[in-house]
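The values are calculated or read from the model by the stated rules, or taken from the named source; none is laboratory data. Bear in mind the structure is a predicted one, so any value in this text is a computation, not a measurement. Note that we place each Cβ from the backbone using ideal geometry, even for glycine, and neighbour counts take in every protein chain shown.
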Amino acid sequence: MIRRPSSFLTIVIAVFVIFYLYYFANQFSTPSSLLPSSVTDASLQKKPPPPPPLGAQPDTDPKDRYITVTATVSSVTTKTAFSDSKADSNVQSVAPLPADYSPSDDDLDQDATWCETRYGPTYLQTIAKNARPFCKPESQSQFDCLHSNMYGESRKDSLCIAQNVVFEDLRFNIDCEFRNSHEPDLMGYPHPHNFQSYWYETGPRIIMTQFTNIGSEAAPSFEKHACSNPATPRDDGYKILIKREGGRNYWHSLMEILSFYFTIDALQMSINKKTGKPYMSPADTSKIQVIVLDKHDNKNYFELWNYFSPKPVLTLDEYVKDSSTKPCISNVIIPLPGASNPLWQGDWDPRICDNSIIVSTIRRRILKHLKISTARDLHSPINLTFIDRKGSRKLTNSKELTDALIAAYPKVNVKVVDMADLTLKEQISLVVNTDVLVGVHGAGHTHAFFLPPQSSLVEILPADLKHKGFRNLAGLRGIRYFSDHAPMAPSDRPDTSRDWHAEDVVFDKDAFMKLMEAAIQSVAHRGFLDSDVNRTQDVLL
């Protein structure tokens, strides 16, 4: 067979095909010579790791589960969950959430505004915005005060910070010549001499009257100790002057402590007009030291007073005797008093405030500070804690009632406790694992702060008592609340001469069991529990 010579066209087609195959072979393959030196032949043979199992996985660093995404429209940096473990070098941009996710002030009705100005960030922001300097420029000290302004409330509560202070003869000397209260920026704000008065002789006004010298009378102390000379050694910390209501009532004490926390938060937000910076930085909080000025013979709840700093809480006598005490002090703070606390507001009227960032934050702070774990077995039976008061307002037939409760609900863990027998940490550790907290109206209901989600609070009130404080606190925590009223226990004295604060009560057994049934039913679906209303007896009994 005779072969024909290849035509020119055939040769051209063959060359084109060869070039085409060579080109695409280089485009879609990675020659080993072009790989980084760290990539070996063996590594090329490795299979990619299997995908992680479904469900939560332990993190070396929880922050590794997030990448930063910058919203180009709003210039707000947010974090997006469920991303790769490390941030991509090519950061993607997203637009902000639709406006409906961030309701404006116009969307708040009067009740919502009332709640937000007391229990939301607005409370702290308002205080921080209302800082006013009260000293004339030539004064050796600086004395600035911050003021609250809650919706529907004409009263202004105040906290103050004094800078460059001299401690001498049990008094804190502040060389401040006050500005004219009619100056435009001071109009509408109370003068320090006219600050609000509070019960139990507490608050900035009484502290300034009893424990400070303000004005020209402070000048001799500055000259004596040369505290205006920058070279003079001084205490560069922050001294907090506290005068307690008594230190024995848990609710009253916690209100004072929370007002102190709010004070420090506001000072970290408020801008000092003299420096252009906040009055305190987060790092400054470690230099806080609380000085207790009152003469009450107890140190109750001191572990909460030193939340911000490890420095010991000192009484005034201890501070005087402390060898490290210096006469020249950089900063002295007079905090908001306990009676000004927004949680005291409207406690005789029911409120519909159903959440509070402030309350949630305070709860987390205290649990973390006391190293109390909130981890629980959500398959475990219901825990019911009955507060058995032994002082005033005892439930005289508590033994009969709790025995009946235990008999009726054998699968519910019922604990009968006198909180006075436990330390504060033991009390809170018990409460964070409690599903139903029961007791006669009293300070023990303050523990509604620490009840876990999906729990219930039960309050047995003395007859005719209309207090709503613990009901409102339960609402802020998002937990259920149940109540009933019990008559005062029989007495030879006429009812007109009896005060509910000190009188014992007695509660009808059937009414008590009905109240307990409602509370226990309400937590029958806590965690992984699964009990229909009509089958609760099968599951819980």
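Give just the number: which of (1) crowded, with 19+ Cβ neighbours inside 10 Å; (2) part of a loop (DSSP other than H, G, I, E, B); (3) not polar (S, T, N, Q) does Asp464 not satisfy?
For Asp464, the failing item is (1).
Which condition from (1) at pLDDT below 95; (2) surrounded by fewer than 16 Cβ atoms within 10 Å (Cβ to Cβ) is the one that Lys136 breaks?
Against the list (1) at pLDDT below 95; (2) surrounded by fewer than 16 Cβ atoms within 10 Å (Cβ to Cβ), Lys136 comes up short only on (1).
Inside segment 272-302, can you point out the residues that are charged (D, E, K, R), surrounded by fewer than 16 Cβ atoms within 10 Å (Cβ to Cβ) and in contact (Cβ under 8 Å) with a residue 24 or more places away in the chain?
Lys273, Lys274, Lys299
Does Phe143 qualify as being more than 30 Å from Glu318 (Cβ to Cβ), modelled with pLDDT of 95 or more and in contact with a Phe, Trp or Tyr (Cβ under 6 Å, 6 or more places away or on another chain)?
Criteria not met by Phe143.
Outside any helix (DSSP H, G or I), farther than 23 Å from Asn472 by Cβ and at pLDDT 95 or above - does that describe any residue in segment 114-130?
Checked against the condition, which is being outside any helix (DSSP H, G or I), farther than 23 Å from Asn472 by Cβ and at pLDDT 95 or above, segment 114-130 yields at least one hit.
Cβ-Cβ below 6 Å, separation at least six or inter-chain, first residue in segment 256-271 and in the same structural domain as Phe308 (by TED's automatic domain parsing) and under 15 Å from Ile291 (Cβ atoms), second of a type in the set (Gly, Ala, Ser) and part of a helix (DSSP H, G or I): which pairs?
Glu256/Gly338
Go through (1) assigned by TED's automatic domain parsing to the domain that holds Asp144; (2) surrounded by fewer than 19 Cβ atoms within 10 Å (Cβ to Cβ) for Ser392 and report which single condition fails.
So Ser392 meets the others, but not (1).
Of all residues in segment 151-162, how many are surrounded by fewer than 21 Cβ atoms within 10 Å (Cβ to Cβ) and touching a residue at least 12 places away in the same chain (Cβ under 8 Å)?
Adding up the residues that qualify gives 5.
Could you go through segment 338-358 and let me know if any residue there is closer than 27 Å to Ala162 by Cα, among the β-branched types (Val, Ile, Thr) and not assigned by TED's automatic domain parsing to the domain that holds Tyr250.
Yes - at least one qualifying residue is present in segment 338-358.
Within segment 295-308, how many residues turn out to be more than 16 Å from the chain's Cα centre (by Cα) and either more than 17 Å from Ser259 (Cα to Cα) or among the polar types (S, T, N, Q) (or both)?
Matching residues across segment 295-308 total 6.
Which pairs turn up if I take residues in segment 116-140 that are in contact (Cβ under 8 Å) with a residue 24 or more places away in the chain and look for partners that are assigned to a helix (DSSP H, G or I) and charged (D, E, K, R) with beta carbon separation below 7 Å, at least 6 apart in sequence or on another chain?
Leu124/Asp265; Arg132/Asp185
Any idea how many residues of segment 425-459 are over 12 Å from Arg477 (Cα atoms), assigned to a loop (DSSP other than H, G, I, E, B) and of a type outside the set (Asp, Glu)?
5
So Ala99 clears everything in (1) more than 21 Å from His191 (Cα to Cα); (2) within 22 Å of the chain's Cα centre (by Cα) except one condition, right? Which one?
Condition not satisfied by Ala99: (2).
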